[in-house]
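Here the structure comes first, spelled out in structure tokens, and everything after it is commentary.
The values are calculated or read from the model by the stated rules, or taken from the named source; none is laboratory data. This one's a predicted model, so the numbers in the text were calculated from it and none came from an experiment. Don't worry about glycine lacking a Cβ; one is built from the backbone with ideal geometry, like all the others, and counts go over all protein chains shown.
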Amino acid sequence: MTIAASPSDVLTAVVDDVPEGHRSLLQRALIFCRRQPLGTFGLVLVVVMAVAGLGAEWIAPYSPTANDFSVMTEPPSWAHWLGTDQFGRDLLSRIIYGARTALIVGFSCAIIASVGGMVLGVGSAYFGGRLDLYLQAVLDVVMAFPLIIMALAVVAIFGTGVHNVIVAITIPLIPRCARVLRSSALSIREVPYIDAARACGFGHRRIILRHMVPNVMAPFLILLTAFVGQAILAEASLSYLGLGVQEPVPAWGLMLQGGAEEYASTAPWIAIFPGLAIALTVFGFSLFGDALRDALDPKMRDR
Amino acid sequence: MYRYIVKRILLVIPTLVGAAALVFLLMRLIPGDICVVRLGSGGGTFDARAVATCHAQLGLDSPVFLQFVDFVWGFFRGDFGTSMWSGKPVAHEIAARFPISLEICIMAVVISNIIAIPLGTISALKQDRPIDFVIRTISIAGLATPSFWLGILLILAILDISQAVFGTPWMPPIDYVPIWQDPLRNLSMAIWPALTVGYRTSAVTMRMTRSAMLEVLREDYIRTARAKGLIEKVIVNRHALKNALLPVVTLIGIEAAFLMGGLVVTEQVFNLNGIGRLFVQSVQNQDYTMTQALVMLVVAVFVLTNTVVDLIYAWLDPRIRYT
């Protein structure tokens, strides 16, 4: 009996010995990493992107807007790891700063949309009656607009720029969240402890905040993660079309618009790297979101 | 059955009227006067008479309710007014660009199903094996990849490969020729955007096929079929796939949304003059009549597609009527 256990086995054994209810956040995180390798990989991508976005000033080797006309459309080299664009700007630095824009737009849209959706969804389910009926009718109409079409219509009205893009992407996301959370909240409303809370004479606010909202947290978090990826993708599409974030703000979609096609054959790195950044980030959020869903909502597994 | 059909069709009316009201409202949310914004956007000067003419042209001088009735009635007659940018009838401009978008849509749906259904089935049959992981990764990657980037990469690949094979770089044609006039030229233009949009759309279908297949494979009648000694091919094709594909039908509605979103960007990449490009141009040019008509058109197509899908589903699966 002298089989040496690898460190990960020891860790697994330690983690498994702790009863479910007494696990610390770190232990839960370790269990998540072990059971969801793909999700962990997604999380790593997300963390890398977040670190790049938050610490852009310290990480980026050059300024994202500094032109250096002596090194236009230079291929990747030691001085410029990912090469330079047609204005001699360092691509790596622009991608790192672009992460910040993507992060701001992605999280702003996702948080506002899912909180808004939660208020509408849970409120609609809790109060029911006419309010529920009318609200659902309105949300159904908004749902009839495909995301990018609605976003473009909103941009047509309010114009371009970071703030307007956030509004444009948030609006179509709200009903998508409200619908899912309403159906979760509806089933919770019928549970005896809600009746008990009502019988105790608790007010609407206390019942909603203390009894209903915590119970829709699982779908809420899953949707929130999915929305970040969707919002980043939508922002990139809008910026690519010239209807999103505007120069000189560094944004991935914008980098692909500015001449990526013209230089496709002579300087393919201009087209490849920003797109790769978008794809990897959204991919990371999707993998992490899927794993989160499996971990939080066992009923939805294998779907 | 008839009651369900009638009910489902009647449900379209309030949705479309609601959508029309929303589009109508949105276009009146534009800060300031549409005509002043539009006339002033060029930087030139304009007088009050020009604004008044513009108002009369757009019908903005009549009461709001009448404007709305006019808008809805015009939509039913196929009269969307005149474009504020080109001055031509909106319906005319849309009709000219419709065929190319429709063709790409149809091709994309075909391509997406050719990719998605076999891969989704294999993924379910080999659940949790390496091949399943590979297919699921392909599927999630499809959702994560922006279609315009995929388009740019495709152009890059076409250029490089044609350069290597023929010695001169070749680009797909950008002007539309109907398929019955020059099928080869038509297909060599439409296949690339269709591939781009089709791959992205296939990601959704693949996931759905996989999960539906997994569910069906656990059913009792599959065990019975196995117990009877049927060969695996017959079980999969005749017993499992037939039933698993039922819920996949409902996806066509979601695919429609994906296709429209995909077309808006993909037509831009491939320089094709379709509906998606027209939409982007009308937003860029502040052509509000055109934007309004296109949004309404897209929503109408989307709502009608979903209605037809629901009806087909009810026809395929009799249980649905009782719910």
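Taking each residue of the range A:57-73 that is within 13 Å of residue A:94 (Cα to Cα) and looking for partners that are at pLDDT 80 or above and hydroxyl-bearing (Ser, Thr, Tyr) with beta-carbon atoms closer than 8 Å, six or more apart or interchain, yields A:60/A:93; A:60/A:97; A:61/A:93; A:62/A:93; A:63/A:93; A:64/A:93; A:64/A:97. Of the residues making up the range B:299-312, one or more are surrounded by fewer than 24 Cβ atoms within 10 Å (Cβ to Cβ), within 30 Å of residue B:81 (Cβ to Cβ), without any contact (Cβ under 8 Å) to a residue 24 or more places away in the chain and away from every other protein chain (no Cβ under 11 Å).
On the basis of being within 13 Å of chain B (Cβ to nearest Cβ), without any contact (Cβ under 8 Å) to a residue 12 or more places away in the chain and in a helix (DSSP H, G or I), does residue A:276 make the cut?
Details: within 13 Å of chain B (Cβ to nearest Cβ): yes; without any contact (Cβ under 8 Å) to a residue 12 or more places away in the chain: yes; in a helix (DSSP H, G or I): yes.
So residue A:276 passes the test.
Inside the range B:22-44, can you point out the residues that are at the interface with another protein chain (Cβ under 8 Å from one of its Cβ atoms) and either surrounded by fewer than 14 Cβ atoms within 10 Å (Cβ to Cβ) or modelled with pLDDT of 85 or more (or both)? I'd like the intermediate steps shown before the answer.
Just the residues of the range B:22-44 that are at the interface with another protein chain (Cβ under 8 Å from one of its Cβ atoms), to begin with: B:22-23, B:26-27, B:29-31.
The answer is B:22, B:23, B:29, B:31.
Here is the figure for the range B:209-235: residues that are among the aliphatic types (A, V, I, L, M), in a helix (DSSP H, G or I) and surrounded by fewer than 22 Cβ atoms within 10 Å (Cβ to Cβ) total 8.
So if I check each of B:263, B:272, B:294, which one is in contact (Cβ under 8 Å) with a residue 40 or more places away in the chain, surrounded by 23 or more Cβ atoms within 10 Å (Cβ to Cβ), facing chain A (nearest Cβ under 10 Å) and more than 17 Å from residue B:72 (Cα to Cα)?
The unique qualifying residue is B:263.
When each of A:216, A:249 is tested for being within 20 Å of residue A:136 (Cα to Cα), touching a residue at least 60 places away in the same chain (Cβ under 8 Å) and not aromatic (Phe, Trp, Tyr), the lone residue that passes is A:216. Got at least one residue in the range B:179-201 being assigned to a helix (DSSP H, G or I), closer than 27 Å to residue B:133 by Cα and polar (S, T, N, Q)? Checked the range B:179-201: at least one residue is assigned to a helix (DSSP H, G or I), closer than 27 Å to residue B:133 by Cα and polar (S, T, N, Q). Applying the criterion of being within 7 Å of chain B (Cβ to nearest Cβ) and assigned to a loop (DSSP other than H, G, I, E, B) to the residues of the range A:125-159, the residue that is surrounded by the most Cβ atoms within 10 Å (Cβ to Cβ) is A:145. Hey, does the range B:98-105 have a residue that's farther than 15 Å from residue B:273 by Cα, modelled with pLDDT under 90 and assigned to a helix (DSSP H, G or I)? Within the range B:98-105, not a single residue is farther than 15 Å from residue B:273 by Cα, modelled with pLDDT under 90 and assigned to a helix (DSSP H, G or I).
When you check residue B:83 against the structure, is it touching a Pro at 6+ places or on another chain (Cβ under 8 Å) and not basic (Lys, Arg), yes or no?
Numbers: touching a Pro at 6+ places or on another chain (Cβ under 8 Å): yes; not basic (Lys, Arg): yes.
Spelling it out, residue B:83 is indeed touching a Pro at 6+ places or on another chain (Cβ under 8 Å) and not basic (Lys, Arg).
So, of the residues in the range B:65-85 that are part of a loop (DSSP other than H, G, I, E, B) and in contact (Cβ under 8 Å) with a residue 60 or more places away in the chain, which turns out to be surrounded by the fewest Cβ atoms within 10 Å (Cβ to Cβ)? The qualifying residue surrounded by the fewest Cβ atoms within 10 Å (Cβ to Cβ) is B:85.
Condition check: of a type in the set (Gly, Ala, Ser) and in a helix (DSSP H, G or I). Does residue A:106 satisfy that? Give the steps one after another, and end with the answer.
Numbers: of a type in the set (Gly, Ala, Ser): yes; in a helix (DSSP H, G or I): yes.
Yes; evaluated as a whole, the condition is true for this residue.
Please determine, by comparing only the residues of the range A:48-96 that are polar (S, T, N, Q) and closer than 16 Å to residue A:273 by Cβ, which one is surrounded by the fewest Cβ atoms within 10 Å (Cβ to Cβ). So, considering only residues that are polar (S, T, N, Q) and closer than 16 Å to residue A:273 by Cβ, the one surrounded by the fewest Cβ atoms within 10 Å (Cβ to Cβ) is A:77. Against the test of being over 22 Å from residue A:265 (Cβ atoms) and in contact with a helix residue (DSSP H, G or I) (Cβ under 6 Å, 6 or more places away or on another chain), the options A:84, A:65, A:40, A:101 yield a single qualifying residue, A:40.
Condition (residue is more than 22 Å from residue A:253 (Cα to Cα) and part of a loop (DSSP other than H, G, I, E, B)) applied to the range B:129-145: is it met by at least one residue? Checked against the condition, which is being more than 22 Å from residue A:253 (Cα to Cα) and part of a loop (DSSP other than H, G, I, E, B), the range B:129-145 yields at least one hit.
Considering each residue of the range B:168-185 in turn, at least one proves to be more than 27 Å from residue B:108 (Cα to Cα) and over 24 Å from the mean Cα position of the chain (by Cα). Is there a residue being within 14 Å of another protein chain (Cβ to nearest Cβ), among the β-branched types (Val, Ile, Thr) and outside any helix (DSSP H, G or I) anywhere in the range A:160-182? Checking the range A:160-182: at least one residue is within 14 Å of another protein chain (Cβ to nearest Cβ), among the β-branched types (Val, Ile, Thr) and outside any helix (DSSP H, G or I).
Residues B:182, B:175, B:132: which one is charged (D, E, K, R), buried (at least 16 other Cβ atoms within 10 Å of the Cβ) and more than 10 Å from every other protein chain (Cβ to nearest Cβ)?
Working: B:182 fails: buried (at least 16 other Cβ atoms within 10 Å of the Cβ); B:175 fails: buried (at least 16 other Cβ atoms within 10 Å of the Cβ).
It is B:132.
On inspection, residue A:238 qualifies as within 10 Å of chain B (Cβ to nearest Cβ) and touching a Gly at 6+ places or on another chain (Cβ under 6 Å).
Whether any residue in the range A:108-121 is more than 27 Å from the chain's Cα centre (by Cα) and surrounded by 14 or more Cβ atoms within 10 Å (Cβ to Cβ) is what I want to check.
Kept after step one, since they are more than 27 Å from the chain's Cα centre (by Cα), are these residues of the range A:108-121: none.
Checked the range A:108-121: no residue is more than 27 Å from the chain's Cα centre (by Cα) and surrounded by 14 or more Cβ atoms within 10 Å (Cβ to Cβ).
Taking the listed residues B:112, B:101, B:62, the one that is away from every other protein chain (no Cβ under 13 Å), in contact (Cβ under 8 Å) with a residue 60 or more places away in the chain and farther than 30 Å from residue A:287 by Cβ is B:101, with no other qualifying.
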